[in-house]
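What follows draws every value from the coordinates through simple rules; no lab data is involved. What you see is a predicted model; the values in this text were computed from it and never measured. Glycine also receives a Cβ, built like all others from the backbone with ideal geometry; neighbour counts cover every protein chain displayed.
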Amino acid sequence: MSAVLKLVQPPQFNEELEVAREGTSGKSNSLQAAFLFASPWQPLLARYVIERFSKKGQVVLDPFCSTGVVGVESVLAGRSFVGCAQEHGLVKLSRARLAPADIAEVALRLQFVNFKKPVDIRGYREPFPTFFDADTFRELMNLKSNVRASGDVAGDFISFIVTSILHGHTASHLSAYTSPTAALSPDAQNTLNRKRGEVPSYRAVSARVLKKAALLLRDGVPSVLQGTKSRRDVFHAEPHALNPVASASVDLAVVAPEQPGMIQHGLQSWLRTWWLGVDMPTQSPDWVDSAAWQGYANEVLVELARVVKSGGRVVIRSGQGRIGSKPVNYRSEIEDLVVRYLSKFWRVEGSISERYVDPTAGSMARAERSGAQAGEILVLRRS
């Protein structure tokens, strides 16, 4: 009597997870309070997937690492972290968040900056008068020269802080009233200034940097983010060409690829790239249809198959957006791509649907809010 062997695929899981809207989330490290608008991952959501799908001591990769939110959560959870970003500015910001100075270092460093030193007035011309008072601009230029010349931890972290408050709509920012996320064009900012009947007022740079530093460092600097106690590398690389990352070296990849109409990457600010001393990034590809986007996703997943260990996972955050005028469900697009073309590398292990809730509301309000979908997480297992 002969035995028949049959390969049985384990059933896929399909779960639902409550997540808080930005500004109502629970406790995360205070370092995460900067640039939340630039990250597709809330800190607590990133921590959840890291702890669920990896173990302490393992390596977590974020090939779209933005400003380092996933990196901080990885290291705090006892993992090693490797991040990659397409923009040089994001690489600088991620490295600074993952190696912060303490409040005493920031305060001491600011004391040794001559903010009143004269600067070449020719540098203060359009478009800067539209955004900054002349004295604010002088202080910014003196601080910029100081931190750029040093290249140390305190200088890099101060540069990170300035980038976070360079422009915005409150008195804690350094500019005239404007968007805190994407820098307006000079013409648009002039129009906004005239509409509001105001000109940029003086904003003391040192005081605002110190105030923001105190906010970001209110929990102190975690020991794992000091010195060389933990691995936390960030590189400049394209998501389909992760050359600095060794083959079969990653246990978990936490991924949020660019998705038109939902997830976009980048600083979206020519003012911030000016401050950081980097070029504005090239514009994202103009995908004409979902097939073109699938081609992009295919390249990313093939490269991730190279760097992720056998048995490792990729956790992909996706949602519903638009390419041109057509709605797209990106999770469905990825699942279709895996089943049709990439089954030799990946299998779909399961999915998690995020639902927005307000943790400060009562049970009835929580139930009502849970109907609003925040995003979807697709979990792939490396063959």
Q) Which of the chymotrypsin sites (Phe, Trp or Tyr not before Pro) across the stretch 46-114 are loop residues per DSSP, with 15 or fewer other Cβ within 10 Å? A) 112
**Q.** Lysine pairs meeting the criterion (Cα under 27 Å, 8 or more apart or interchain), as found in the stretch 103-216
**A.** 8
Q.
I'd like the Karplus ³J(HN,Hα) series for the stretch 39-47: coefficients 6.51, -1.76, 1.60, θ = phi - 60°, whole numbers in Hz, and an x wherever there's a Gly or Pro.
A. 10, x, 10, 5, x, 6, 5, 4, 4
Q) Are there trypsin sites (Lys or Arg not before Pro) in the stretch 185-284 that DSSP marks as loop and that have at most 13 other Cβ atoms within 10 Å, and which are they? A) 218, 229, 231
Q.
So, R0 is 35 Å and r is the distance between the beta-carbons of residue 18 and residue 279; what FRET efficiency does that work out to, to 0.05?
A. 0.30
Q.
Spelling out what I want: for every residue of the stretch 93-106, take phi, set θ = phi - 60°, compute 6.51 cos²θ - 1.76 cosθ + 1.60 (Karplus), and round to whole Hz; glycine and proline get x.
A. 5, 5, 4, 5, 5, 7, 9, x, 7, 8, 5, 5, 5, 5
Q) Which order results if 15, 139, 354 are arranged by neighbouring Cβ count within 10 Å, fewest first? A) 15, 354, 139
Q.
List the trypsin sites (Lys or Arg not before Pro) within the stretch 108-166 that DSSP assigns to loop and that have no more than 15 neighbouring Cβ atoms inside 10 Å.
A. 116, 125
Q. Say the dipole of the chain comes from +1 at the beta carbon of Lys and Arg and -1 at that of Asp and Glu; which of 145, 311, 91 then lies farthest toward its positive end?
A. 145
Q) Taking the alpha-carbon centroid of each part, what is the distance from the stretch 226-279 to the stretch 65-103 in angstrom? A) 9 Å
Q | Additional length obtainable on full extension of the chain from residue 126 to residue 264, 0.36 nm per residue less Cα span | A | 46.8 nm
Q: Evaluate the relative contact order of the chain (contact order divided by residue number), counting alpha-carbon pairs under 8 angstrom at least 6 apart; express in whole percent.
A: 22 percent
(Q) For residue 375, what residues show an amide H to amide H distance below 5 Å, using hydrogens built from the backbone and excluding near sequence neighbours? (A) 354
Q: Set Lys and Arg Cβ to +1 and Asp and Glu Cβ to -1, take the dipole of the chain about its Cα centre, and tell me which of 168, 106, 65 lies farthest positive.
A: 106
Q) What list of ³J(HN,Hα) values in whole Hz, one per residue of the stretch 53-66 in order, does the Karplus curve 6.51 cos²θ - 1.76 cosθ + 1.60 (θ = phi - 60°) give from phi, with Gly and Pro shown as x? A) 10, 8, 10, 4, x, 7, 9, 10, 10, 10, x, 10, 6, 6
Q | Per-residue [θ]222 nm for the chain (sum of -39500 (n - 2.57) over DSSP H runs n ≥ 4, rounded to 500) | A | -11000 deg cm²/dmol
Q. Could you give the dipole magnitude of the stretch 103-216 about its Cα centre, charging the beta-carbon of Lys and Arg +1 and that of Asp and Glu -1, in debye to the nearest 20?
A. 180 debye
Q) With charges only on Cβ, +1 for K and R and -1 for D and E, what is the dipole size of the chain about its Cα centre, in debye, rounded to 20? A) 700 debye
Q: Would you work out the charge dipole size for the stretch 166-234 about its Cα centre, treating the Cβ of every Lys and Arg as +1 and the Cβ of every Asp and Glu as -1, and quote it to the nearest 20 debye?
A: 180 debye
(Q) Angle check, please: helix 186-196 long axis (alpha carbons) against the longest principal axis of the chain (alpha carbons), in degrees 0 to 90, nearest 10. (A) 70 degrees
